[in-house]
Amino acid sequence: MVAEDIREMLLNSDKNVGDVFNSWSHFFDPLTKKYEKSEIQATFKYLSEKGYLNRDEGYYSLSQRGYDEWIFPTGRVEPNKIFLSHASEDRVIAAKIKEELGKNGFNVFVAHDDIPGTEEWREKILSELKISEIFIALRTKNYSKKSFTEQECGFALAMGKRILSLCVDSSPLDMGFCSAFQGHGFREDDDLINNIVAYCKKQLLNK
């Protein structure tokens, strides 16, 4: 039970999953209100023995095995599969991008189109992130206001995905976890979809 609560805390956090063990010493304090200290320590030891955590000089860090087997659902990466991250307000733009890239052989996942209302949305999103080869962030002004979109970026970075950041009337300096990647700027006008699709095709078909 403690291990599942730790996983839930990591998945629900807007912080980089890989850094909370070392950089956020009080991140796991809420666990002490529910469990005995000895039970928490035993769980961290168990996770370490499973290979999910690394321990160095008294500090834990999340291992690659921890990412692959514990935090994220397992699944084979599918070539030309794209996870299109977007704010709900931009679902129409995302759907059009999906349609156009689909004509060029890409399998594009868009949460608002592809998750049935009865399906557990978070596990589905994690699963799709896992199996996608490419992560595209549709960074409009709405995007940076959503904590879950920055979580998706953090997860994509942790998984080593190829990342394209589409900055629509927004600054590449506001790219959160993806700030290490060069964002390409676009203006929201009548040619937005065509310009985005042309850019993505140039980047992805000439890899």
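Between D169 and A42, what is the label-point separation in nm under the 7 Å Cα-to-beta-carbon projection?
5.7
Zone of E188 (label point 7 Å along Cα→Cβ, backbone N under 14 Å): which residues in the range 126-146?
Under 14 Å, as judged by backbone N against the label point of E188, lie 138-146 of the range 126-146.
Length gain on complete extension for the stretch S147 to E78, per 0.36 nm per residue less the alpha carbon to alpha carbon distance? Don't jump to the answer; show the numbers that get you there.
Details: separation 69, 0.36 × 69 = 24.84 nm, distance 2.66 nm.
Full extension from S147 to E78 adds 22.2 nm.
For a quick protection proxy, order the peptides 38-51, 156-169 by their average other-Cβ count within 10 Å, most packed first.
Result, highest mean Cβ count within 10 Å first: 156-169, 38-51.
For S61 and R7, calculate 0.36 nm times their separation in residues minus their Cα-Cα distance, and state this gained length in nm to one decimal. Kindly include the intermediate steps, with their values, before the conclusion.
On the way: separation 54, 0.36 × 54 = 19.44 nm, distance 1.34 nm.
Result for the pair: 18.1 nm of gain on full extension.
Which order do the peptides 83-93, 142-152 come out in when sorted by mean C-beta neighbours inside 10 angstrom, highest first?
Working: 83-93: 20.0, 142-152: 18.5.
Order by mean packing, descending: 83-93, 142-152.
How do the peptides 62-69, 192-199 rank, highest first, by the average count of neighbouring beta carbon atoms within 10 Å per residue?
By packing density, highest mean first, the sequence is 62-69, 192-199.
Could I have the simple spin-label model distance between L205 and K124, label points 7 Å from Cα toward Cβ, reported in nm to one decimal?
Computed distance between label sites L205 and K124 equals 3.0 nm.
Every number in this text was worked out from the coordinates using simple rules, so none of it is lab data. The structure presented is a predicted model; accordingly, all values stated were derived computationally and were not measured. Cβ: placed from backbone, ideal geometry, glycine included. Neighbour counts: every protein chain shown.
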